[in-house]
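These notes are about the structure you will find just below.
Derivation of every value follows stated rules applied to the coordinates shown; laboratory data play no part. Since we're looking at a predicted model, the values are computed, not measured. Please note: Cβ atoms are built from the backbone with ideal geometry, for glycine as well, and neighbour counts cover all protein chains shown.
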């Protein structure tokens, strides 16, 4: 929990997830006159469409015979522009607090916090988070928790190298990010060596450890990696050593008092981690490491919302198909995150769900069953909200 | 019932109604590998989008910030082109026959007939007929049934005038179609007069009867009508007389033997109809008419499908939202014609419904629960069905 002293952001509805369905949710809420903010762990709106299918064709959006993921998102952003819904990127929602009933019908019903400290006070929450936030796939090694952010990092460690001046860097993974991270680390340590840092009897070392023999990276990158494994010998200067191990890290041991004494660098002692790893022949080895970068890719995870007391079924949220409400009053779920009889994980279905959810949300927020149903083609009120000129 | 000697048209699915939802139904069925034909009472595809909103803007189709009704239909026609689903316009479906169970799983399950004699043998039927077929609004006058198509016609009678050579034409209605029909009738009878037809002592007469004093037609048309009511007198030739009556036809009387004798035209006797009408002061009049054109506009009517034994609720068809099946196994309902908890009559919802219905239809037609779920972005099979080039 990150405490914040910022004033809370107040809006009718917080939409968690800014993929195509979350974006269209803004539109349907806006037509009914409800304001909304969007939050997403990704830095930009679009979700999987932008991250995974940006340049891939989609053929089954009605009346769009073909469009790319990026195009779909751009079209939706244009469509929802009239409603000026702020987008908060890089925000993982961590906490949902149900507020006590207030006699004022306009009082907020939920307080929602993000990992980096944003605070929202809202009338309703829409979960449009798809299969979840794309978070780094975790390294399943015993004892890793004690070292996270203190020597073991998910993703890039390039900003850590100048601070830690590590002798022994381990990179976990076999994809493009891991291979690239290994090469960048060699370069960074070589640069430090020129300045006689890090000082030590042995030259520093970068180890790429991957469970398979083969790497899954662009050919050109693998070729550079292969060359860096057997560099041209140089007599002038010590060189950074690069290794490739086939194996898996199984545990991180706690440092002993002796280890800390031995390094002579108590301030870096925590970074000197005894690693146990198993090679392809099932032999166990123990090696020291100063800095570990885990690059096992991203995987979708529902994250903290699994702990909000929502009824879940196989990592999905059962909903009432009348209004896509969940088991928690005031919380709605649309798109791939929800489940119901006949559910198909299609963008189109999410659009329909967001539409019916908007009516359910309006009923909840305004406390009335009388939500007018109007057509954009004919309603001057809807057209005014859309900011389009109307001939009357 | 029209008997036909044509061979039946065989296809997996008959879609009744070719509005936007019926068209998108072709797409979703086609993706799954099911063939379909479309029938509609209108002469062209598009339904209300083409008939009522062709040039009006629609703002709530996802990822189409604005498009007209006509544009939406054209986009959908482009999208479904790969599936070559034949469209049968001007077809009002009259009869649905449930066929006896056949051990052959490929045997048709339904025989469907249209008013004009088309015969289909299909595995499943989708009702995508919206609020119904747009049929002429009926004239509520006693005894009218006996004269329908024998003197009284809905819509234009211009093709009847040369055959019937009527002396007294009555046009019912006050809209553009009625006023226009009156003027066309005056012109047609004037032309006949030049050829000394119809022969009679009195010049022929066209009567426009409307329940209100005012007409609802373009100004220019009303002006022409006004001029025709008081034509410049001509001494050269007898002229067709045009009248405008405020009132309502209340009944059609049966002709007497004497009437038939009096006309001297036994072949036209049935056309000589004694009409009772009530004027604005509630006085009843009886006048003879030879030909009546009823132009009270179109109104949506579910038509014969109300007699198929489907469960109905307020002229709508309750469906299971899992697959949009109706109470009659093998018959599905999508779009404005169906009803379920939370239903909103939106094109977007119809698209979603057609999608889930396609899976339900595939299960029904193929008799299996194992319908593969694939994405158009990734599936070579779906892309082959769409006829799009795939890089592999």
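Compared with the dominant Cα axis of chain B, that is its longest principal axis, helix B:219-229 is turned about 30°. Panel values: segment B:1-149, Kirkwood radius from alpha carbon pairs, Stokes-Einstein at 25 °C and 0.890 mPa s, translational diffusion coefficient 146 µm²/s.
Scanning chain A for the beta carbon that comes closest to the axis linking it by rotation to B yields A:352, 2, distance in whole angstrom. Calculate the FRET efficiency for residue B:195 and residue B:224 from the Cβ-Cβ distance with a Förster distance of 22 Å, rounded to the nearest 0.05. After rounding, the FRET efficiency stands at 0.40. With a 10 Å cut-off around each Cβ of B:313-320, the average count of Cβ atoms from other chains is 0. Only DSSP H runs of four or more residues enter the estimate; each adds -39500 (n - 2.57), and after division by the residues of chain A the mean residue ellipticity at 222 nm equals -7500 deg cm²/dmol. Across the alpha-carbon set of segment B:332-377, the Rg to Rh ratio works out to 1.04, Rh being the Kirkwood radius. Seen from all directions on average, segment B:270-392 presents a Cα convex hull projection of 15.0 nm². Sorted fewest first by neighbouring Cβ atoms within 10 angstrom, A:222, A:144, B:361 come out as A:222, A:144, B:361. Rounded to the nearest angstrom and listed largest first, the equivalent-ellipsoid semi-axes of chain B from its Cα gyration tensor are 49, 23, 19. Taking chain A as a Gaussian network, where each spring joins two C-alpha atoms under 10 Å apart, which residue of A:300, A:62, A:105 fluctuates the most? In the Gaussian network model the winner is A:62.
Residues B:104, A:102, A:336, arranged from fewest to most other Cβ atoms within 10 angstrom of their Cβ, appear as B:104, A:102, A:336. Could you tell me the calculated FRET efficiency between residue B:307 and residue B:9, based on Cβ-Cβ distance and R0 = 22 angstrom, to the nearest 0.05? Efficiency at R0 = 22 Å is approximately 0.45. For chain B, modelled as a GNM whose springs connect Cα atoms under 10 angstrom apart, the maximal fluctuation among B:228, B:333, B:282 occurs at B:282. Pairs of Cα atoms nearer than 8 Å and 6+ residues apart set the relative contact order; for chain B it is 20 percent. GNM remark for chain A: springs join alpha carbons under 10 Å apart, and the peak mean-square fluctuation among A:66, A:294, A:112 falls on A:66. Distances, shortest first, from the label point of residue A:253 to those at the same position in the other copies read 11.7 nm; the point lies 7 Å along Cα to C-beta.
Working from the Cα coordinates of segment B:97-188, the gyration tensor eigenvalues give, after taking √(5λ), semi-axes of 41, 15, 13 Å in decreasing order. For helix B:20-32, report the angle its Cα long axis makes with the longest principal axis of the Cα atoms of chain B; keep it between 0 and 90° and round to the nearest 10°. Once rounded, the angle reads 30 degrees.
Relative to the dominant Cα principal axis of chain A, helix A:176-194 is inclined by about 50°.
Taken residue by residue and averaged, Cβ atoms of other chains lying within 10 Å of the Cβ of A:344-352 number 6. For a modelled paramagnetic label at residue A:371, 7 Å from Cα along Cα-to-Cβ, the residues of segment A:329-352 in reach, with backbone nitrogen under 15 Å, are A:329-335, A:351-352. Note on B:51-62: average number of Cβ atoms from other chains within 10 Å of each residue's Cβ is 6. Put in order of Cβ neighbour count within 10 Å, fewest first, the listed residues A:113, A:224 become A:224, A:113. Stokes-Einstein at 20 °C, 1.002 mPa s, Kirkwood radius from Cα pairs: D for the protein assembly as shown in µm² s⁻¹? The diffusion coefficient I find is 67 µm²/s. Taking label points 7 Å from Cα along the Cα-to-Cβ direction, residue A:68 and residue A:101 give a separation of 5.3 nm. Percent antiparallel among DSSP beta bridges with both residues in the protein assembly as shown, to the nearest 5? Of all bridge pairs located within the protein assembly as shown, approximately 45 percent are antiparallel. A straight line joining the Cα centroids of segment B:270-306 and segment B:134-169 runs 8 Å.
By DSSP, the beta bridges lying fully in chain A are antiparallel in about 45 percent of cases.
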